[in-house]
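Taken together, the values in this text are just the output of simple stated rules run on the coordinates, not laboratory data. Keep in mind that this is a model prediction, so the values were computed, not measured. Quick reminder, even Gly has a Cβ in these numbers, built from the backbone with ideal geometry, and neighbours come from all protein chains shown.
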Amino acid sequence: MIEPLLSTDQIQANIAPGFRFPFQHLIAVKSGGADEIRRLISELLPQVTTMDQALRFHESRLERARQSYNFGISSFRALESHPLWVNVALGNELLMSLIGDSVNDADRSFRLGLHSRSFALGDHRDPASEGHRNNWLVGGPDNAADLFLIIGSSDDATLDEGVASLIDTIEGNTHTVIYDERGNRLENDQEHFGFRDGVSQPAMRGRVSAGTHDFLAKRRVRNLPTGPEWASPGSPLVWPGEFVFGYPRQNSNNFRDPSSIANTDDFLKNGSFLVFRRLKQDVRLFREETDKMASELAAHSEFSHIDAELLRASIVGRWPDGTPMQQSPDGPPAQMTSEERINYFGYGDETCPIELADGRIVQGTDADADGIVCPFHAHIRKVNPRDRSTDLGAETNTMKMRILRRGIPFGPAYEDAPNENNRGLLFLCYQTSIRDQFEQLMFRWVNSTVNPEPGNNEGHDMILGQNGAATDRERFCVFKNASGSEATVSTRKDWVVPTGGGYFFCPSINSLNQLATA
Ligand code: HEM
């Protein structure tokens with residue numbers, strides 16, 4: 001089947017291909033009234049960056065990067081002029097007041113709002129706790145945002161200027177900025193616990209021009225006739241309807257064929273739901289607790305080889321440079337894993353060697369069906385069990401739970417300011433169902449001690465999981481070895497604490513226009 005033509009001039013850029021800028025700023029706004037919001041949207045509209053603009057920008061940036069071997073964050077520093085990009089999303093109450101029920105009807109969790117879903121996600125129930133929704137910096141019952149802006153630039157000063165001018169425009173229209181915060185990509189693209197982030201993403205199917213092979217996700221692999229179809233090794237192609245409304249969705253029984261379009265409402269078309277979670281990370285606590293767990297494990301003669309470095313990598317599922325555990329089971333790799341191979345692995349079966357479009361072969365990885373090398377509770381295995389079947393069905397169904405992650409760290413790196421404790425991840429992700437994608441990942445898998453690979457009771461995702469059901473919030477995880485021995489470690493402390501957020505809808509340019517002019 002020919003893949004659908006994406007409306008690249010309609011879809012906001014951070015949905016796909018993503019801003020990717022090293023500097024990004026979030027602004028949350030409380031509305032001063034419906035007419036004033038319409039006026040503000042019409043003023044913001046000319047600045048809203050689309051998929052089309054972002055694709056052209058990144059293509060020319062990457063072309064220059066290839067010529068100068070200047071990749072990653074430094075490819076942004078090398079630019080001669082620095083763009084300023086803006087994306088806009090709206091909260092449930094505001095949308096309801098402007099256009100009625102259509103968006104709220106598309107997702108029950110969006111209708112309820114993040115603060116109403118907080119306890120279901122496992123968040124703190126003790127009102128004295130920083131993580132309790134009443135104490136959130138934004139997105140609690142009394143400070144939920146109506147409008148949410150993501151602003152990005154390749155240059156810090158350009159972003160500062162742009163944000164100041166946007167705040168003037170917002171406040172000039174009698175609205176209130178209730179939260180704003182800077183995100184910065186850290187060295188080597190690591191998150192604050194020290195692990196490279198943003199390695200594994202699904203590849204959205206769809207074409208960006210009339211050419212039958214002009215795909216959004218470039219095809220870098222000669223695919224095998226069956227199984228998932230990869231854009232690049234480990235990055236499976238997923239039908240766009242899982243991320244953007246108005247396109248065919250992924251088929252839950254089949255990797256390759258599409259399923260129907262989820263919702264044909266005109267306002268939703270080319271839009272996407274956005275989840276924002278401000279996740280504070282306590283780096284000192286993370287290190288102390290994982291040091292302690294490693295020494296507890298060392299007391300078991302069969303686990304004495306697990307030091308803090310191996311324990312931390314096992315609970316993430318990757319080494320700090322992004323190399324997956326299966327590709328380097330005993331320690332960090334002596335040499336950086338190639339970008340082609342770093343995401344090419346499964347858990348259930350050995351992955352076959354695969355041929356790249358240029359003829360090079362990428363070697364596969366051994367299976368780890370019993371979770372000896374990468375435990376069942378590892379963060380990346382919990383949120384994407386890849387080729388394993390799950391409590392929700394066959395591995396094909398897991399493709400329907402993929403999300404487009406666009407998060408960025410906030411706060412200084414721990415090494416630069418060890419006494420500062422305000423740092424973490426501005427987690428952002430896009431999907432067409434908050435309930436079936438982000439929330440399922442959270443309460444069905446991350447917070448569960450048995451899922452997604454049932455038959456085991458091997459613990460929580462220690463990075464992200466929360467045990468909201470227990471008053472002491474105790475979380476545990478189990479380590480196993482090949483001879484069948486097991487050892488459990490646990491904690492009652494949260495290393496990651498939600499301190500804000502919101503559920504939003506990120507409309508198409510046409511729908512923003514409709515809001516501005518209605
Ligand atoms: C402070 C909180 C978090 C930290 C420190 C963190 C860290 C990481 C790291 C280091 C990776 C591996 C790199 C990569 O594959 O991109 C990863 C992957 C991932 N994370 Fe998180 N993450 C956090 C929050 C979340 C949240 C809230 C979700 C949503 C459910 C999430 C979903 C994912 C997914 C889907 C992957 C890719 C897994 C794969 O495909 O193999 N993460 N995360």
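Normalised by residue count, the chain yields a Cα convex hull volume of 146 Å³ per residue.
Expressed as a rounded percentage, what relative contact order does region 32-117 have, with Cα pairs under 8 Å and six or more residues apart? Relative contact order for region 32-117 comes out at 26 percent.
The alpha-carbon of Lys382 sits under 18 angstrom from the alpha-carbons of these lysines, leaving out residues fewer than 8 places away in its chain: Lys400, Lys480. Ordering Lys269, Lys292 from the fewest to the most neighbouring beta carbons within 10 Å gives Lys292, Lys269. Legend: translational diffusion of region 236-304 by Stokes-Einstein, Rh = Kirkwood radius over C-alpha pairs, 37 °C, 0.692 mPa s; D = 201 µm²/s.
For chymotrypsin sites (Phe, Trp or Tyr not before Pro), the sites in region 6-73 that DSSP calls loop and that have at most 15 other Cβ atoms within 10 Å are Tyr69, Phe71. Note on the chain: antiparallel DSSP beta bridges, both residues inside, total approximately 95 percent of the bridges counted. In sequence order, region 60-74 has phi-based couplings of 6, 5, 6, 5, 5, 4, 5, 5, 9, 6, 10, 9, x, 4, 5 Hz under the Karplus curve 6.51 cos²θ - 1.76 cosθ + 1.60, θ = phi - 60°, and Gly or Pro positions carry x. Over the residues of the chain, the helix contribution to mean residue ellipticity at 222 nm works out to -6500 deg cm²/dmol, using -39500 (n - 2.57) for each DSSP H run of at least 4. Entry note, the chain: relative contact order of 22 percent, from Cα contacts under 8 Å with a spacing of 6+ residues. Over region 373-502, all Cα pairs binned in 5 Å intervals from 0 give whole-percent P(r) values of 2, 10, 17, 20, 19, 16, 10, 5, 2, 0, listed from short to long. Specify the angular offset, from 0 to 90 degrees and rounded to the nearest 10, of the alpha carbon long axis of helix 34-44 from the longest principal axis of the alpha carbons in the chain. On a 0 to 90 degree scale, this one is about 80. Taking the longest Cα principal axis of the chain as reference, the axis of helix 156-172 is set at about 50 degrees.
The ranking of Asp214, Asp436 by Cβ neighbour count inside 10 Å, starting from the fewest, reads Asp214, Asp436.
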